[in-house]
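A short worksheet on the structure shown next.
What follows draws every value from the coordinates through simple rules; no lab data is involved. Model, not experiment: these values are computed from the prediction. Glycine also receives a Cβ, built like all others from the backbone with ideal geometry; neighbour counts cover every protein chain displayed.
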Amino acid sequence: MEDVISLLSLTLYILAILALASAVTWLVVRISPSESAKAQREAEAEADAKAKS
């Protein structure tokens, strides 16, 4: 019985680590802007600067 509990504990530990890694990855992807978003912002800033000139 102790072996079964140990295996369940190990399985839960592995699942917890995977869940934590997935959550951190998801947060980084959500927080970090993509390259296309940066390019779009720069293009909008240039268009605004031309419109003001």
Quick one: helix 2-31 against the long Cα principal axis of the chain, what's the angle to the nearest 10°, folded into 0 to 90? 0
Fewest-first ordering of E42, E2 by Cβ atoms within 10 Å yields E2, E42
Among [x] 15.0; [y] 12.8; [z] 15.7, the entry derived from the coordinates for Kirkwood radius over Cα pairs in Å: [x]
Return one number: the angle in degrees, 0 to 90 and rounded to the nearest 10, between the long axis of the Cα atoms of helix 35-52 and the longest principal axis of the Cα atoms of the chain. 20
Theoretical ellipticity at 222 nm over the chain - DSSP helices of four or more residues, -39500 (n - 2.57) apiece, nearest 500: -32000 deg cm²/dmol
